[in-house]
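Participant: Got a structure here, written out as structure tokens. Questions coming.
The values are calculated or read from the model by the stated rules, or taken from the named source; none is laboratory data. Bear in mind the structure is a predicted one, so any value in this text is a computation, not a measurement. Here Cβ is always computed from backbone atoms with ideal geometry, including for glycine, and neighbour counts include all displayed protein chains.
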Amino acid sequence: MKVLEQMQSYGHERVAFHQDTKTGLKAVIAIHSTTLGNALGGTRRWAYASESDALHDVLRLSEGMTYKAAASGLAMGGAKSVIIMPNPGQQPTEAEARAMGRFVDTFAGKYIAAEDVGVSPQYCDWMALETKHVMGGNTVSHGGDPSPYTALGCFNSMKACLVHLGRKPEFSQLTVAIQGCGATGYRLAKLLRSAGAAVLVTDVHVPTMKRAVEELGCVALGNDKNLFEEKIDILAPCALGGMLDAKTIASLNCQIVCGTANNQLAHPSTDGETLAKRGILYSPDFVANAGGLIRLAGLYLGMSEAEIDQKIVDIEATTLDVLREANGGSTSTAAINYAKRRIAEGAASKQLVGAGKCGSGCGCH
């Protein structure tokens, strides 16, 4: 499928490709929607097998950011960017980050970059030397590492799943399996262990997995195949997306799927229904993992710390709303409909304000 056809299929507004000959940077920025406001989304740095894979990833991720912001009640749109690394493990440089910052700056604030897989707060600060439209750094930009807030939001979403199933939101008698012990996975494991849960972990990076075992008392499984077949209460995908498809869903031996990874369903239109038919409750990823976005977007929008904290608490209520609306069907579909409804409401409200009919009784019209 051609690029413009894919944009039309996903409903994107703008996709831009960029290369910097001095640093070798190759990157793509995709803006899915600015209906509700400027679009904030992380920069992913990854060695893709092909440019086609990179484009598919940035289109799906940016679409998810639109729904994530809308479902969270944020006045922001959805976008994402990817940096195509030539080789796995290539170390980031200030020159590359600054080149990415200059690319981001060409959007004049319609796109605000942030941290994602392969990008650190230091990288965000390097980008911020070239553009003010970046969040997630510690010195030049601000916001810092959003992963603790992503993990906390997911933990709140897990509580909603338990309540929806008629259980107490307690973890002391539960076993949770976490796929991926990176920034968010490790912090989610820490929250779960503090709440008394038994936590099984797996990660392709062995030292990361060992850290969760040695510091938190988690149990290492060592490979993903066992993880997806293990008898557990909750499966938490916290690595890359697309891990849940017809094959893996058929082997699942859990009651709940709730994790921090983006795009957990390989085929959202069918996999959500397959999970529902199997009686497995799925907390849609862009609802469960919204805490990091809420943190950075809240700071960008000028919210107070208390307002930001409350919005992360509200992930539990949002999850419950979506699960109830699904009514036993695909929670993925229900979440998308929930987000689209909020976008439509936001667009209608903007039109009223633009026409001088704010509906507040202020007499402005």
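Participant: From the list A108, A177, A183, A128, exactly one residue is in contact with a Leu (Cβ under 9 Å, 6 or more places away or on another chain) and among the hydrophobic types (A, V, I, L, M, F, W, C). Which is it?
Facilitator: So the residue among A108, A177, A183, A128 that is in contact with a Leu (Cβ under 9 Å, 6 or more places away or on another chain) and among the hydrophobic types (A, V, I, L, M, F, W, C) is A177.
Participant: Can you tell me which residue is modelled with the highest pLDDT among those in region 81-116 that are of a type outside the set (G, A, S) and within 26 Å of V313 (Cβ to Cβ)?
Facilitator: Looking at the filtered set, the residue picked out is I112.
Each row is one residue, and each column tells you yes or no for (1) buried (at least 23 other Cβ atoms within 10 Å of the Cβ); (2) in contact with a Cys (Cβ under 9 Å, 6 or more places away or on another chain).
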site: L74; (1), (2): yes, no
site: N87; (1), (2): no, no
site: V104; (1), (2): yes, no
site: A113; (1), (2): yes, yes
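Participant: What is the residue count in region 247-296 for residues that are within 26 Å of E115 (Cα to Cα) and of a type in the set (D, E, K, R)?
Facilitator: 2
Participant: I need the full set of residues from region 232-249 which are of a type outside the set (S, T, Y) and without any contact (Cβ under 8 Å) to a residue 24 or more places away in the chain, in order please.
Facilitator: Correct list: K247 only.
Participant: Going through G259, G291, G272 one at a time, which residue ends up being more than 13 Å from the chain's Cα centre (by Cα), within 21 Å of T319 (Cβ to Cβ) and crowded, with 17+ Cβ neighbours inside 10 Å? Show your work before the answer.
Facilitator: On the way: G259 fails: more than 13 Å from the chain's Cα centre (by Cα); G291 fails: more than 13 Å from the chain's Cα centre (by Cα).
Result: G272 is the single residue among G259, G291, G272 that is more than 13 Å from the chain's Cα centre (by Cα), within 21 Å of T319 (Cβ to Cβ) and crowded, with 17+ Cβ neighbours inside 10 Å.
Participant: Would you be able to say whether some residue in region 206-228 is within 22 Å of the chain's Cα centre (by Cα), more than 21 Å from T175 (Cβ to Cβ) and surrounded by fewer than 18 Cβ atoms within 10 Å (Cβ to Cβ)?
Facilitator: No - not one qualifying residue is present in region 206-228.
Participant: Something else now. Among the residues of region 81-113, what is the count of those that are free of Cβ contacts under 8 Å to residues at least 60 places away in the same chain, within 16 Å of L40 (Cβ to Cβ) and either under 22 Å from the mean Cα position of the chain (by Cα) or part of a strand (DSSP E or B) (or both)?
Facilitator: The number of residues fulfilling the criteria is 3.
Participant: Let me ask something else. Quick one: what pairs do we get from region 53-80, first residue outside the structural domain of G118 (by TED's automatic domain parsing) and at pLDDT below 95, second in a loop (DSSP other than H, G, I, E, B) and surrounded by fewer than 24 Cβ atoms within 10 Å (Cβ to Cβ), C-beta under 9 Å, 6+ apart or different chains?
Facilitator: Pairs found: none.
Participant: Could you check region 117-145 and list, in sequence order, the residues that are in a loop (DSSP other than H, G, I, E, B) and either touching a Pro at 6+ places or on another chain (Cβ under 7 Å) or β-branched (V, I, T) (or both)?
Facilitator: Taking region 117-145 and keeping what is in a loop (DSSP other than H, G, I, E, B), we get 117-120, 128-133, 135-136, 138-142, 144-145.
Of everything in region 117-145, those that are in a loop (DSSP other than H, G, I, E, B) and either touching a Pro at 6+ places or on another chain (Cβ under 7 Å) or β-branched (V, I, T) (or both) turn out to be V117, V119, T131, G136, N138, T139, V140, G144, D145.
Participant: While we're looking at this one, here's another question. Look at R341 and say whether it is in contact (Cβ under 8 Å) with a residue 12 or more places away in the chain and either in a helix (DSSP H, G or I) or not assigned by TED's automatic domain parsing to the domain that holds L165 (or both).
Facilitator: Answer is no for this residue.
Participant: A further question on this structure: Only one of (1) out of contact with any helix residue (DSSP H, G or I) (no Cβ under 6 Å at 6 or more places or on another chain); (2) within 27 Å of R278 (Cβ to Cβ); (3) touching a residue at least 24 places away in the same chain (Cβ under 8 Å) is not met by G329, so which one is it?
Facilitator: Evaluating G329 over (1) out of contact with any helix residue (DSSP H, G or I) (no Cβ under 6 Å at 6 or more places or on another chain); (2) within 27 Å of R278 (Cβ to Cβ); (3) touching a residue at least 24 places away in the same chain (Cβ under 8 Å) leaves (1) as the failure.
Participant: Could I ask something else about it? Which helices (runs of 4 or more DSSP H) does region 174-235 wholly contain that include 2 or more residues that are more than 28 Å from P121 (Cα to Cα)?
Facilitator: Working: elements: 183-194, 206-216, 224-229.
So the answer is 224-229.
Participant: Take region 171-181 and flag every residue that is surrounded by fewer than 20 Cβ atoms within 10 Å (Cβ to Cβ) and farther than 21 Å from G279 by Cα.
Facilitator: S172
Participant: I would also like to ask the following. Any idea how many residues of region 133-167 are under 16 Å from T43 (Cα atoms), surrounded by fewer than 20 Cβ atoms within 10 Å (Cβ to Cβ) and either touching a residue at least 24 places away in the same chain (Cβ under 8 Å) or within 15 Å of the chain's Cα centre (by Cα) (or both)?
Facilitator: Selection size over region 133-167: 2.
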